[in-house]
Amino acid sequence: MSDPDPSTDSSNFALGRLRALLDDSAFDGERLPSERVLATRLGIGRRALRRALEVLEAEGRIWRHQGKGTFLGPRPAQAQTNLEELTKRTHPLEVMDVRLEIEPALARLAAMRATNGDIERLMRLADRTATSYDADGRELWDSALHRTIAEAAGNSLLLAIFDMVDRIRQDTTWQLLRERARSSERQKIYVEQHRRVIAAIAQREASAAEHAMREHLELVREGLLKVMTRPLPDRTDEQIQADPVPQNNKDRLRHGT
C-alpha cells in the first residue's frame, strides 16, 4: 500500500490549486461547489482546502455565507437596513434634517420632470390634505402628497431614500408628536405651502419649487422643536395608565434623543 501524497495536506499546495481553478473556471451564479466536491476535484484534503479558502476570503476574492455556500468576489454590502433599529437610534429632528436635504431637491427635479398627470394628482392630493380633519387622514394624505412629488422627480435612488425616511416617520410615537405640533392655524399654513410648491412645479419653476418646499419643511421642523422642548404637565396616575405612549418614549422625543 503506497503512502498518501503529502502535498494533499499542504495548505500552500491547496491554495495554488484553488487559485488556478478560480482563474480557469466559471461557476454558475458565481457560487463555488461544496467543500467536498472541491476537495475531490482538486485532489486535496478538506483541512488544507478550508485554510486555503480562509486566505482567499481574507483577500476579498471569495465570501462565505453559513448554510448557503461560498461565492466569488468580495462580500456584498448589507443591503437591508433594519428600520426598526434605526428608528430607535434616531429622532424626529434628525429626520427633518434629512428631509430638508432631499425634499427641496426632489421638488426642484419634479418641476423639471413632472408630467401633466403628476401635476393633476398633486392637485387632487392637496385638496384631500386640505379637507382632512382627523389625525389619521392628515397623516395619510400629507405623506401621499410628498411621495408623489418624490415620484415625479424621476430619480429612483432619491425615491428609495425618501421611502426609507417615510417609513421611519410612521412610528406611532412620532405621529402623535406631529399631531401635537399641528394646530388648526398651522395646518392652514401647511395647506397653503403645499399649494405653493405644486404651483411652482406646474409652472416649471424649479428654483421656486425648491424654495417653497424648504420653507414648508422649516416650518414643520420649527413646530416639532417647540413641542419637543415644551415641558410636560404633571399628570395623574390614571392619565399615565391610560396613555398609549410609554413615558420613556415621551422623554426620548422631548429631549430629541
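What is the projected area of the convex hull of the Cα atoms of segment 136-237, averaged over all directions, in nm²? Walk me through the intermediate numbers first.
Details: hull surface 30.7 nm².
The orientation-averaged projected area of the Cα hull of segment 136-237 comes to 7.7 nm².
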What nm value, rounded to one decimal, do you get for the distance between LYS226 and ALA58 when each label is placed 7 Å out toward the C-beta?
6.1
Let me see the pair-distance distribution of segment 10-72: every alpha carbon pair, 5 Å bin width, integer percents in order.
4, 19, 32, 31, 12, 1
Starting with the highest mean, order 198-207, 30-39 by the number of other Cβ atoms within 10 Å, averaged over the residues of each peptide.
198-207, 30-39
Can I get the semi-axes of segment 63-149's equivalent ellipsoid? Compute them from the C-alpha gyration tensor as square roots of 5 times the eigenvalues, in angstrom, largest first.
37, 19, 14
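At most 11 other Cβ atoms within 10 Å and a DSSP loop assignment: could you name the GluC sites (Glu not before Pro) in segment 167-200 that fit? Before the final figure, lay out the partial values.
On the way: sites: GLU179, GLU185, GLU192; in loops: none.
Loop-located and lightly packed - none at all.
Any idea what the relative contact order of segment 10-72 is, in percent, if you count C-alpha pairs under 8 Å spaced at least 6 apart?
Values: 53 pairs, mean separation 26.1, N = 63.
Rounded, it is 41 percent for segment 10-72.
Any read-out appearing in this document is the output of simple, stated calculations on the displayed coordinates, not a laboratory observation. Everything numeric here is computed off the predicted structure, so don't read it as measured data. Note that we place each Cβ from the backbone using ideal geometry, even for glycine, and neighbour counts take in every protein chain shown.
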